[in-house]
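The values are calculated or read from the model by the stated rules, or taken from the named source; none is laboratory data. Source: prediction; values computed, not measured. Positions of Cβ are generated from backbone atoms using ideal geometry, with glycine treated the same way; all protein chains shown enter the neighbour counts.
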Amino acid sequence: MIPLAKRGSGQAFVNELRDKIEARRFVPAIDRRYPLAAIADAYRYVQTGEKAGVVVIDVVTEGRPAEL
């Protein structure tokens, strides 16, 4: 769990989260992945309230695979 940042401390929160991710102390729970072309489906899924983690939208530049 990640606590919400206090109002006005957004950059500090982002920096702390980045540091945790880089140190591998935070790994997000990915529920589902959707290609950019199916973003409407992803949105509908999120709106069901059934998601149990992050919903990822894969954005791929033509000729280049998505990177993780």
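Return yes when Gly53 is of a type outside the set (Phe, Trp, Tyr), at pLDDT 85 or above and in contact with an Asp or Glu (Cβ under 6 Å, 6 or more places away or on another chain) and no when it is not. Steps first, please.
Working: of a type outside the set (Phe, Trp, Tyr): yes; at pLDDT 85 or above: yes; in contact with an Asp or Glu (Cβ under 6 Å, 6 or more places away or on another chain): yes.
Spelling it out, Gly53 is indeed of a type outside the set (Phe, Trp, Tyr), at pLDDT 85 or above and in contact with an Asp or Glu (Cβ under 6 Å, 6 or more places away or on another chain).
Quick check on segment 1-50: of everything there that is among the β-branched types (Val, Ile, Thr) and part of a loop (DSSP other than H, G, I, E, B), which residue is modelled with the highest pLDDT? Spell out how you get there, then give the answer.
If we filter segment 1-50 for residues that are among the β-branched types (Val, Ile, Thr), which is where we start, we get 2, 14, 21, 27, 30, 39, 46, 48.
Now restrict to residues that are part of a loop (DSSP other than H, G, I, E, B): 2, 27, 48.
Details: Ile2: 59, Val27: 82, Thr48: 95.
Out of the qualifying residues, it is Thr48.
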